[in-house]
Amino acid sequence: MAKHFSTCVAKPVVECFSVPITFNGVSIHNPNNIEASRICWYLLNKYTGTFDITYTERQSFWISQGYQDTNALDCIELLTVHSYNDAIAERKEERSMSGLQLIGFKEQQLHSMQDYLNALQMILTVNRKTKHLDNHIAPIVADWPGQLFIRKALTQLHTLGSQSSIPQEIETFMPMLGPLHLSLNSREHVMIIYHLFFEQMFHFVFGKHKKLAKKPKPWRINLLLELARNGWIKIKGEIMQ
């Protein structure tokens, strides 16, 4: 019988000071939760030219800066950046467990808010002895379900207050969408939306009998994006004319 396990690990960030939950009387948690209008305003007025750069433009920038000639960002790196095979030499240092602490693991699915609350109790149980997180934030780098359910718990806590069944200790957690998930999600999103195009290109390059999954592995998505970019560079002049 298949079992699902929830694993909690922590890695210290020694270069930074701890972040208090409340600073100068202001909580780090936004009482309005996620404000889409405010996010859009900042993207349009503060970050134009940062997050709206095309894949082709970004690749051209890397090449112009000479990054492609370094070990840090070469072609193999681009294809294996999200591959977790420990046999890949280029990823050996990043895959190191040095400094990582295992908090605990338990049989637990992660399909609901209560599932996440149960998993976070592993950290809170340790904190009741160490007091490391008291009145301070513990960043939780999480994918979409982690963002949704942990923020849902925080919202219920702040909305209902003492009437909520959510333990007050949960406010010490701050879910964050890291660059890894952001990169993976954005590339996968492009693949899903334009799957028909990439499927035709995939068959043209690798043969009609090869099958392209609806959600290909990250290294294959990177490969198809790179093939599309190189093809576009060859025909861009005539198409734009």
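The values are calculated or read from the model by the stated rules, or taken from the named source; none is laboratory data. The shown structure was predicted, so the numbers you read here are calculated from the model rather than taken from an experiment. All Cβ positions, glycine included, derive from the backbone under ideal geometry; neighbour counts span all protein chains shown. Areas reflect the complete protein model, heavy atoms only, side chains present, ligands, DNA and RNA absent. Shrake-Rupley method; radii C 1.70, N 1.55, O 1.52, S 1.80 Å.
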Scan around ALA138 for amide H atoms under 5 Å from its own, H built in the peptide plane at 1.01 Å from N, and keep only partners 5 or more places away or cross-chain. PHE173, MET174
Taking R0 as 41 Å and r as the Cβ-Cβ distance between VAL141 and VAL205, the FRET efficiency 1/(1 + (r/R0)^6), rounded to the nearest 0.05, comes to 0.70
Roughly speaking, what is the centre-to-centre gap between the stretch 182-241 and the stretch 142-166 when only Cα atoms are used, to the nearest Å? 38 Å
Quick one: order CYS16, CYS40 from most to least accessible surface, probe 1.4 Å. CYS16, CYS40
Is there a pair in LYS106/LYS217; LYS3/LYS131; LYS106/LYS129 whose C-alpha atoms are over 22 Å apart, and which pairs would that be? LYS106/LYS217; LYS3/LYS131
Quick one: putting +1 on the C-beta of Lys and Arg, -1 on the C-beta of Asp and Glu, what dipole do you get for the stretch 167-228 around its Cα centre, in Debye to the nearest 20? 580 debye
Residues GLU238 and LEU180, FRET efficiency given R0 of 25 Å [Cβ-Cβ distance, rounded to 0.05]: 0.10
Whole-Hz ³J(HN,Hα) from phi, Karplus 6.51 cos²θ - 1.76 cosθ + 1.60, for the stretch 160-166, glycine and proline x: 8, x, 5, 7, 7, 7, 6
Nonlocal amide H pairs with ILE103, under 5 Å, H built at 1.01 Å: CYS8, VAL9, ALA10
Can you tell me the length gained on complete extension of the stretch ILE39 to TYR55, counting 0.36 nm per residue apart and subtracting the Cα distance? 3.5 nm
Kirkwood estimate for the stretch 101-204, i.e. one over the average of 1/r between Cα atoms, Å: 16.0 Å
Heavy-atom SASA rank of HIS209, HIS136, HIS158 (probe 1.4 Å, accessible area, largest first): HIS209, HIS158, HIS136
Karplus ³J(HN,Hα) for the stretch 117-125 (6.51 cos²θ - 1.76 cosθ + 1.60, θ = phi - 60°; Hz, whole; x = Gly/Pro) runs 4, 5, 5, 5, 4, 4, 6, 5, 4
In order through the stretch 105-116: 3J(HN,Hα) via Karplus (6.51 cos²θ - 1.76 cosθ + 1.60), integer Hz, x for Gly, Pro: 8, 8, 5, 6, 7, 10, 10, 8, 4, 5, 4, 5
For the pair LYS131 and SER162, how long in nm is the line joining their label points, each one 7 Å along Cα→Cβ? 2.4 nm
Accessible heavy-atom area order of TYR47, TYR116, TYR55, TYR194, highest first, probe of 1.4 Å: TYR194, TYR47, TYR55, TYR116
Roughly how many Å² of GLU238 are accessible to a 1.4 Å probe, to the nearest 10? 150 Å²
